[in-house]
1. Quick one: what does P(r) look like for the range 214-261 with 10 Å bins over all Cα pairs, in whole %?
2. Can you pull the percent of Cα pairs in the range 82-233 with separation above 23 Å?
3. Take the Cβ-Cβ distance between residue 232 and residue 184 as r, set R0 to 35 Å, and report the resulting FRET efficiency rounded to the nearest 0.05.
4. Please tell me which of these pairs span more than 31 angstrom C-alpha to C-alpha: 203/251; 99/159; 137/203; 137/159?
5. Suppose each label sits 7 Å from its Cα in the direction of the beta carbon; what would the residue 276-residue 216 distance come out to in nanometres?
6. Determine, for each peptide in 214-220, 67-73, the mean count of other beta carbons within 10 angstrom over its residues, then list the peptides with the highest first.
Amino acid sequence: MIRYQRLKKIPSARRLSTRSGSHSHRLLAFERFALVAFAVALLVLALNVKGTPAAQDNPSQSERPIAEARQTFENRCAGCHGLDGRGGERAPDIATSPKTQNRTDAGLTQIITNGIPTGGMPSFNSLDAPTIRSLVKYLRVLQGKSDAAAMPGNPATGKSLFYGSARCSGCHLAAGSGGFLGPDLSTYARRRPAEEIRDAITKPATLPGPGRNEVTVTPHNGQPMTGVLRNEDNFSLQLQSPDGAFHSVVKSDVASITRNPKPLMPTDYGTTLSASELNDLVSFLMSTAQQNKSGDDKLNNEPMDESE
């Protein structure tokens, strides 16, 4: 009888061992699942705080080009603060105002992110962290406090290039002297850092806008005229020749209009000018813009201060 009872206990012990092992496996699987779920939750949390001020201070996030920052400023901020940041009827001066200039980058970031509800400034927390950082950087350019506002070369040497071997003055005006076909560059560099000005010189084909291509108009009777198309409608066009003269032509008198797809500005400055010469040319444009800016300051020497 005793021997029979011992034999019955052995299978019972095996079943207990099997149940214990199964429970341990389930517990281990649950712990693994909990760790994975916790890791996923942390990842989602990190993505959700992308636009918060703490994330904006993270230098590991990608930076936006300064040209993109200028475009964002013109689209989002210039309507109230002006293209030069000097304010208008709807918002104060944020370029020359000492109060704004003395703010830290973190302080400006917080204002852009949260806005100033009592002052009528909306929140821009929909912008991601790199975009807001680039806006702060561009504001420093407008204030003249950024490293990007420093001249990379010699303005005097750049002036010699502009009116000499680089042939810029053949098309462009600068401080009242030069050609007529290209845009007036007297104030071009005012709100632009050196890197953007350099790109405009070496990559003119990427610049948008009319009047950047040469057009040849051939009348039924007469000599062809070459220049820049300034105005055009269904019945007439206006052409500006290299000497600065304007020519109005009725389209019914025109045999052909040939539009050169290449930009009027040379595209080889990146190879024909050395790096130091490009820096000198950029510095001349920046210096010219600063001189014109000083003249504007005399006309408006009482900038509005920022209200909060």
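All of the numbers you see were taken from the coordinates with simple rules; none came from a lab. If you're wondering where the values come from, they're calculated on a predicted model, not measured in any experiment. Cβ atoms come from the backbone with ideal geometry, glycine included; neighbour counts cover every protein chain shown.
1. The percentages, shortest bin first, are 29, 63, 8.
2. It works out to 55 percent of all Cα pairs.
3. 0.95
4. 203/251; 99/159
5. Spacing of the two 7 Å Cα→Cβ label points: 4.0 nm.
6. Descending packing order for the listed peptides: 67-73, 214-220.
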